[in-house]
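Right, one structure below, let's go through it.
Quick note: the coordinates plus some simple rules give every number you see, no bench work behind them. In this text, all values refer to a predicted model and were calculated from it rather than measured experimentally. Here Cβ is always computed from backbone atoms with ideal geometry, including for glycine, and neighbour counts include all displayed protein chains.
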DNA sequence: AGACGATGCGGAC
DNA sequence: TCCGCCTCGTCTT
């Protein structure tokens, strides 16, 4: 589940547990225990796109990217300081009554807080879709750069240097809601359509921050307990929830995109409003 | 029990 | 554009 909404949800919960408390355990894969941070207090936990940052006093920050397989787990702090759990974890930290253990992460590192702005991964991120009022104009501008405007809109909006936090589930869901065929190149869309794509992404993702399970179909449109929670994602062959046409799947740059061939037409390149 | 596919990313071609 | 990652939940045998 690690798209931006998942990471932001974790950051919020982790912050409530850890901020203002002193570390009683910290271990980072490949680094091991960190004597310099013994007893240091946790100043802030934040998410930037799909990256999680934990800032400590004394000028250090932990950066974690879960990739596809990474997980965070929250458990009661163990009396022994969790040395055993820490030994094989990607990252392990305790401050106060709860311990946070990360397994299977794609990248974990301790970075000097002052160097974060120049970090090769973080510095290239586009504006975060989960900011309270994200910079939509900047996202649209980035999507119109030479390297992006000729790409399929589906792959473009997944690019973390255009906008950060959006992943494969929202990619399909947002384009369905906006009625845009995923294979259309960015330059075939009106600027207004791109704005709506990012605005809808922001809304869907923000709404899901407070939910346990990600969903995009409103509860009022889900008559049964097992009604689909997502419009099209992973629903290949099943009826579109709006028009009953079979949901189709397209592989773009190795990733599946799900869409409704009736609701999202290729020839809707002639869309409302001005064409770029 | 085993096969399959996945939420993400980067490197190889 | 494609593949590998060696992990885990879900579905099939």
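Straightening the chain between residue A:238 and residue A:106 buys 44.2 nm, computed as 0.36 nm per residue apart minus the Cα-Cα spacing. Pairwise Cα distances in the stretch A:1-134 exceed 19 Å in 45 percent of cases. Rg/Rh for chain A stands at 1.03; both radii use Cα atoms, and Rh follows the Kirkwood definition. Placing a label point 7 Å from the Cα of residue A:161 along the Cα-to-Cβ line, the residues of the stretch A:114-132 whose backbone N sits under 19 Å from it are A:117-129. The relative contact order of chain A comes to 16 percent, based on Cα pairs under 8 Å that sit 6 or more residues apart. Computed from label points 7 Å out along Cα-Cβ, the spacing between residue A:256 and residue A:123 is 3.8 nm.
Over all pairs of different C-alpha atoms in the stretch A:136-269, the reciprocal of the mean inverse distance, the Kirkwood hydrodynamic radius, equals 15.0 Å. Taking 14 Å as the cut-off, the amide N atoms of the stretch A:154-197 that come nearer than this to a point 7 Å along the Cα-to-beta-carbon line of residue A:207 belong to A:170, A:173-178. For the stretch A:85-159, the alpha carbon convex hull comes to 165 Å³ per residue, rounded to a whole number. For chain A, what is the percent of antiparallel DSSP beta bridges, rounded to the nearest 5? Counting only bridges with both partners in chain A, antiparallel ones make up about 95 percent.
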